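Written below as structure tokens is the structure these notes are about.
The values are calculated or read from the model by the stated rules, or taken from the named source; none is laboratory data. Values in this document were obtained by computation on a predicted structure and should not be read as measured data. With ideal geometry, Cβ positions are generated from the backbone for all residues, glycine too; neighbour counts draw on all protein chains shown. Areas reflect the complete protein model, heavy atoms only, side chains present, ligands, DNA and RNA absent. Shrake-Rupley method; radii C 1.70, N 1.55, O 1.52, S 1.80 Å.
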Amino acid sequence: MDRRRFLQLSSFCVFALSSDKVLSAEQSKNHNMFNLRVVSTTDVHGFLTDFDYYKDASTEKFGFSRTATLIEQARQEVKNSVLVDNGDLIQGNPIADYQAAVGYQAGKPHPSVQVLNLMKYEVGTLGNHEFNYGLEFLDNVLKEATFPIINANVYDVKTKQNRYTPYVIQERQLIDEQGNKQSIKIGYIGFVPPQIMVWDKANLDGKVYVEDIKQTAEKFVPEMKKAGADLVICLAHTGPSDKEYVVGEENAAFHLADVKGIDAIVFGHSHGLFPHKSFQTTSTLVDMLNGTVNGVPENMSGYWGNNIGVIDLQLYYLNGKWVVNHATAHIRPIYDNEKKAATVENKPEITALLQPVHEATRKFVAQPIGKSLDDMYSYLALVQDDPTVQIVNQAQKDYVENYIKSIPELKDIPVLSAAAPFKVGGRKNDPTSFVEVAKGDLTFRNAADLYLYPNILATLKVKGHHVKEWLECSAGMFNQIDPNKTEPQGLINWEGFRTYNFDVIDGLSYEIDVTQPARYNGECELINANSERIRNLQFNGKPIDLDADFLIASNNYRAYSAKFSGTGEEFVAFLAPDENRQVLANYITKQTKLQGAITPTADKNWRLAKIESDKPLDIRFETSPSEQAKNFIKTRSVYPLVDKGVDEVGFAIYQIDLTK
């Protein structure tokens, strides 16, 4: 059914219906009506327990064990509900790392699937991170699900057929407002970003291919309707975008609302919230009050189980079919940021079920790997060279320099390394999300904290001009600062840029001039061709030769993205057999054996350029509010800083002086 053909004129009186007939409220009493609630999760990422394995401490802010209680409450409030998951379920947390390390065991479900089985999910879909461990691992995980896990746009290269079940139609008996049972066929269809072919090329190339999300929906939704689906719910592991639709786009959630026949959309991928006051959109089709896009209810419920999505549909039976008359969407958190308190407790059955894997994971991440002579905290990683990024770059550079010794055509090319800060406050929504690795003995827990993702080390062969443009894209991390403005100015571009794209390149030195407009936007699209933020770019103490060859150690996501200058398949020199995180852990072990410990102190190869101004500037940035952060910042900042208190989210605000 196409809800956009229905216009709710009043909450009490008349409705315009697809039959072009208008029913009054009195007339509508003669039609069967029921309400259906769609409860959803997305981007759980293996965060199953309310426990931070990086800090080895409990938390109230995430964990499916608490989410489960919220789900139970939401379902008990109504007569009719369904429960769905939107993907990125099996990767992202030490629990997931442990499961990947021990491998598949027949008859023993992956714990992420096990908890969904217990909660009796109706259906789930695949996220991009489901493919991180390869197709065989994923196939084994899916075997143990007691509910269907669907995907419509991943195809087998050999057969040209869907690799997974594209959609399912489930017949349900629901209770109407008069207490009678009504039968309805609910169709579910799922999608994943086509970009998985870039991000997980090593796992997928030559095995599968991925079609466009919207075009695939336009293909299958009519087929679902023909097969008898009364209602179509889309599970779309894709983010939102206000931009004009482009075939193959990563973020298609809003464009799916244009596909005739879709009645509700659960989306995710970008770890945001919808509807929510924090969500910014210029689209006139978005109704933030009701949580609809072009009249279709949509939900995005954060990440790590910190929220659930709730879509409420009101349906009437008219002219032989069910039609959606009214719909709303909202989200529910497991933690109240304003009250600084949990909204729910753990569901005991989930906690008990996960206890064995919880203890096994704690032992897994407690494996010793070496020792550090210095603290590695990411509190200043967005404004100056940082030890948490430094150690990753050191490990990657060391690995590649040793790897190429046996490759004649590469062994004499200078090696650089690119790494980004992964944990620096989330998306300006988590003041506790920072790397905190104290000096002393190190374990695998610390390596996982320093490098969150199971990426594979990849090396690119580029020219000096590619290096320059790569850094120009990274410099989009900062807002443009007006040297003539005395009012407060925010330094960090939280809305238009992701911190995992703020690559620091080691092996050379450079400055970033934030008084200039960004040359590229957050997607590395050229927006100011005449602007340059990267200054004094030097290699071995001399201006970089823009035509010289360089190798850049990075990861498979960056290497194959074709987003940053010098990335894309044609630039890939080699894909290593090792994950970046394991490379890091091995490097720490190696250096500890050779020197007694690692020394991760930042070498200060980059900085924000000095701003010339005769006015008192008030430039500010956000970081952790903890006492540990205050002490670290006080002793390690390379700029004069002034503590300006805490913002409404809970971040500490510092005024940074870039004139000195």
Report summary line: Selection from region 29-69 of residues within 30 Å of SER183 (Cα to Cα) and open to solvent by 10 Å² or more (accessible area, probe 1.4 Å) yields LYS29, ASN30, HIS31, ASN32, MET33, ASN35, ARG37, THR69
Query - Complete set of residues in region 107-128 that are more than 16 Å from VAL357 (Cα to Cα) and hydrophobic (A, V, I, L, M, F, W, C) - result: MET119, VAL123, LEU126
Query raised in the report: Taking region 334-361, which residues are open to solvent by less than 80 Å² (accessible area, probe 1.4 Å), of a type outside the set (A, V, I, L, M, F, W, C) and touching a residue at least 24 places away in the same chain (Cβ under 8 Å)?
Result: TYR335, THR343, ASN346, LYS347, THR351, HIS358, THR361
Requested in this report: Inspect all residues belonging to region 122-135 and state whether any of them is open to solvent by less than 50 Å² (accessible area, probe 1.4 Å), without any contact (Cβ under 8 Å) to a residue 60 or more places away in the chain and not acidic (Asp, Glu).
Outcome: no
Query raised in the report: Can you find even one residue in region 390-406 that is open to solvent by less than 20 Å² (accessible area, probe 1.4 Å), touching a residue at least 60 places away in the same chain (Cβ under 8 Å) and of a type in the set (Asp, Glu)?
Result: no
Query raised in the report: When you scan region 145-163, how many residues do you find that are over 23 Å from the mean Cα position of the chain (by Cα), buried (at least 17 other Cβ atoms within 10 Å of the Cβ) and under 18 Å from TYR209 (Cα atoms)?
Result: 3
Query - Cβ pairs under 8 Å, 6+ apart, first in region 462-490 and touching a residue at least 40 places away in the same chain (Cβ under 8 Å) and farther than 17 Å from LEU416 by Cα, second open to solvent by 20 Å² or more (accessible area, probe 1.4 Å) and among the β-branched types (Val, Ile, Thr) - result: ILE481/THR515; PRO483/THR515
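Which residues, taken from region 271-294, are assigned to a loop (DSSP other than H, G, I, E, B) and closer than 12 Å to PHE254 by Cβ? Full working, then the answer.
The initial filter retains those residues of region 271-294 that are assigned to a loop (DSSP other than H, G, I, E, B), namely 271-272, 275-285, 288-291, 294.
Within region 271-294, PHE279, THR281, THR282, SER283, THR284, LEU285, ASN294 qualify.
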**Report entry** Subset tally (residues that are farther than 16 Å from LYS397 by Cβ, over 24 Å from the mean Cα position of the chain (by Cα) and either assigned to a helix (DSSP H, G or I) or aromatic (Phe, Trp, Tyr) (or both)) for region 568-592
**Finding:** 4
Query raised in the report: For residues in region 75-108 being outside any loop (DSSP other than H, G, I, E, B), farther than 24 Å from PHE51 by Cβ and not hydrophobic (A, V, I, L, M, F, W, C), which is most open to solvent (accessible area, probe 1.4 Å)?
Result: GLN76
